[in-house]
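A.B. asks: A single structure is presented below for examination.
The values are calculated or read from the model by the stated rules, or taken from the named source; none is laboratory data. Since we're looking at a predicted model, the values are computed, not measured. All Cβ positions, even for glycine, are placed from backbone atoms using ideal geometry, and neighbour counts span all protein chains on display.
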Amino acid sequence: MKAAGKECAQHILADCEKILGRKPETVDDLLDATNRRRLEKHKLTNLWERQGNKAHLEINECACTLVKAGLAKPNAVHCLCSAGLMETIFSTVCIGPVSVEIVKAIGFGDDKCEFYVNFESK
């Protein structure tokens with residue numbers, strides 16, 4: 001499922017490019033564009049926050065497109081898809097490895113999803 005997240009990442013990156021009028025070049029560009037996308041396109045108020053070389057996101061419902069479409073119930077496998085998506089998106093603007101820490105996940109039975117993305121910025 002981690003590989004499936006890479007495919008969804010391409011759609012998000014295309015949206016980010018439209019929002020910025022260019023490809024995101026830095027982590028701050030990426031966070032600005034993804035947050036604007038979350039607010040404008042999806043009407044979501046939970047936004048990414050940068051904390052040094054980490055980005056943090058908490059969400060209150062499963063964001064998996066399969067779950068949202070009613071085709072699947074939240075489960076841990078979908079959380080791997082989210083991790084692959086985040087790794088792919090951040091890798092486009094970072095140097096070195098990007099890793100995703102899943103702190104909480106609805107797919108694990110938690111009440112919300114909470115992620116940290118660890119990176120080295122350009």
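A.B. asks: Of the residues that sit in the stretch 84-101 and are of a type in the set (A, V, I, L, M) and either crowded, with 20+ Cβ neighbours inside 10 Å or modelled with pLDDT of 95 or more (or both), which one is nearest to Val27 (Cα to Cα)?
C.D. replies: Restricting to residues being of a type in the set (A, V, I, L, M) and either crowded, with 20+ Cβ neighbours inside 10 Å or modelled with pLDDT of 95 or more (or both), the top hit is Val93.
A.B. asks: Can you work out which of the residues in the stretch 38-65 that are part of a helix (DSSP H, G or I) and exposed (fewer than 15 other Cβ atoms within 10 Å of the Cβ) is modelled with the lowest pLDDT?
C.D. replies: That would be Thr65.
A.B. asks: Then there's this: Would you mind stating whether Ala76 is in contact (Cβ under 8 Å) with a residue 12 or more places away in the chain and small (Gly, Ala, Ser)?
C.D. replies: Spelling it out, Ala76 is indeed in contact (Cβ under 8 Å) with a residue 12 or more places away in the chain and small (Gly, Ala, Ser).
A.B. asks: State which residue pairs qualify: first residue of a type in the set (Ser, Thr, Tyr) and inside the stretch 18-32, second residue assigned to a loop (DSSP other than H, G, I, E, B) and buried (at least 16 other Cβ atoms within 10 Å of the Cβ) in any location, beta carbons under 7 Å apart, and separation of 6 or more residues or different chains.
C.D. replies: Within 7 Å, the pairs are Thr26/Val93.
A.B. asks: Suppose the filter is closer than 18 Å to Ala9 by Cβ and in contact (Cβ under 8 Å) with a residue 40 or more places away in the chain; does Ser99 pass it?
C.D. replies: Judged against the criteria, Ser99 is not a match.
A.B. asks: Which residues, taken from the stretch 15-27, are more than 14 Å from the chain's Cα centre (by Cα) and either over 18 Å from Ile95 (Cβ atoms) or loosely packed, with under 14 Cβ neighbours inside 10 Å (or both)?
C.D. replies: Across the stretch 15-27, the qualifying residues are Glu17, Lys18, Ile19, Leu20, Gly21, Arg22, Glu25, Thr26.
A.B. asks: Out of Ala14, Ala33, Ala4, I need the residue that is among the hydrophobic types (A, V, I, L, M, F, W, C) and within 29 Å of Gly109 (Cα to Cα). Which one?
C.D. replies: Ala4
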